[in-house]
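Comments concern the structure below.
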Amino acid sequence: PNIKPVPKGEKLTEHVSGKMVLKVGDNISTDHIVPSDSKLLPYRSNVPHLAKFSFCKVDDQFYNRAVENGGGFIVGGDNYGQGSSREHAALVPNYLKIKAIFALSFARIHRSNLINNGSLPLVIDKQGYDFFNDQDEYVLLNVKDAVENGKDVVVENKKTHQTIVAQLKLSPREKVMILQGGLL
C-alpha cells in the first residue's frame, strides 16, 4: 500500500507561469531537497509522502507554499543539486508542480534528473538571482520556442514587468524530453 505510481511531467506549453515559492543559496544538496534519513527511507516508493518533507531542512513551509500555489519556481545559487544522484530530488519537485528551477549553476547529475522528469533547469547570473522576489509571480514568455530552437528564455515579473533572460542549453534528446514532460 505504500508504493505509489511515479509522477509524470506535463507537456510543455507556450508560456509557463507561477510564483517563486523558494529561494535558496549555494550548494543545495539532494538531501536538502528530499531528506534521506531512517524515518523516510521506508517511503522511497511514495513520492507524495516524501514531498511533505521536501526542503524541510531549509524552509519548513516550502511544501505548504508549493501546494497552495499549485507549484511554481525555485531559485538557487551555485551548485544546485549537489551531492548524491538521488532521483527523488527531481521527482518530488515535479510532483509538486515546480515548473522550473533557476540557479547560477547545477550539479551535473541533478540537472540530468530534472530534465528526465520534465523540469526546466534554467541558468541565471547574479543579477538574475537578485531579480526574483519572494512570492512574486513570473512568466516564461517564450519557453516552448526557446526549447525547440535553442534560444534563451525570457522571464517576466508580472508585477513589475521587468525581464531577464535565462539560459537553457539542451541536446536534441533533452529537447524532446522537456517538450514531452520528461522521459516517462
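The values are calculated or read from the model by the stated rules, or taken from the named source; none is laboratory data. Predicted model only: the values in this text are computed from it and were never measured. Cβ atoms come from the backbone with ideal geometry, glycine included; neighbour counts cover every protein chain shown. Calculation scope for accessible area: heavy atoms of the full protein, side chains included, ligands and nucleic acids excluded. Shrake-Rupley method; radii C 1.70, N 1.55, O 1.52, S 1.80 Å.
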Identify the residue in the stretch 153-183 that is over 17 Å from the mean Cα position of the chain (by Cα) and assigned to a loop (DSSP other than H, G, I, E, B) and, among all such residues, is farthest from V139 (Cα to Cα). S171
One residue is enough: does the stretch 43-56 have a residue meeting the conditions modelled with pLDDT of 95 or more, touching a strand residue (DSSP E or B) at 6+ places or on another chain (Cβ under 6 Å) and open to solvent by 10 Å² or more (accessible area, probe 1.4 Å)? no
Close pairs from the stretch 1-25: first within 24 Å of V143 (Cβ to Cβ) and of a type in the set (S, T, N, Q), partner assigned to a loop (DSSP other than H, G, I, E, B) and open to solvent by 70 Å² or more (accessible area, probe 1.4 Å), Cβ under 8 Å, at least 6 apart: S17/K158
G70 - would you say it is surrounded by 17 or more Cβ atoms within 10 Å (Cβ to Cβ) and small (G, A, S)? no
Residues in the stretch 130-152 that are over 22 Å from D26 (Cα atoms), assigned to a loop (DSSP other than H, G, I, E, B) and open to solvent by 50 Å² or more (accessible area, probe 1.4 Å): how many? 4
What is the number of the single condition among (1) farther than 18 Å from N79 by Cβ; (2) assigned to a loop (DSSP other than H, G, I, E, B) that P48 does not meet? (2)
Look at L22 and say whether it is surrounded by 15 or more Cβ atoms within 10 Å (Cβ to Cβ) and in a strand (DSSP E or B). yes
Hits in the stretch 25-42 - residues which are in a loop (DSSP other than H, G, I, E, B) and surrounded by 21 or more Cβ atoms within 10 Å (Cβ to Cβ): I28, V34
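Could you check how many residues of the stretch 61-114 are closer than 16 Å to A51 by Cβ, assigned to a helix (DSSP H, G or I) and touching a helix residue (DSSP H, G or I) at 6+ places or on another chain (Cβ under 9 Å)?
Within the stretch 61-114, the subset closer than 16 Å to A51 by Cβ is 61-72, 74, 86-99, 101, 113-114.
With the extra rule that they be assigned to a helix (DSSP H, G or I), the set shrinks to 62-68, 88-95, 113-114.
Next cut, touching a helix residue (DSSP H, G or I) at 6+ places or on another chain (Cβ under 9 Å) only: 63, 66-67, 88-95, 113-114.
Result for the stretch 61-114: 13.
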Can you list residue pairs whose Cβ atoms sit under 7 Å apart, with the first residue in the stretch 80-94 being among the acidic types (D, E) and the second being crowded, with 19+ Cβ neighbours inside 10 Å and not in a loop (DSSP other than H, G, I, E, B)? Count only pairs 6 or more apart in sequence or on different chains. E87/N113
Tell me which residues, restricted to the stretch 90-110, are more than 19 Å from M20 (Cα to Cα) and either among the aliphatic types (A, V, I, L, M) or within 10 Å of the chain's Cα centre (by Cα) (or both). A107, I109
Evaluation of L122 against (1) assigned to a helix (DSSP H, G or I); (2) touching a residue at least 24 places away in the same chain (Cβ under 8 Å); (3) under 14 Å from the mean Cα position of the chain (by Cα) (one fails), failing number: (1)
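Among what's in the stretch 35-67 and is of a type in the set (F, W, Y) and on the phi < 0 side of the Ramachandran plot, pick the residue that is farthest from the chain's Cα centre (by Cα). Can you show your working first?
In the first step, residues of the stretch 35-67 are kept if they are of a type in the set (F, W, Y); the result is 43, 53, 55, 62-63.
Applying the additional criterion that residues be on the phi < 0 side of the Ramachandran plot yields 43, 53, 62-63.
Details: Y43: 21, F53: 16, F62: 13, Y63: 13 Å.
Among residues in the stretch 35-67 that are of a type in the set (F, W, Y) and on the phi < 0 side of the Ramachandran plot, the one farthest from the chain's Cα centre (by Cα) is Y43.
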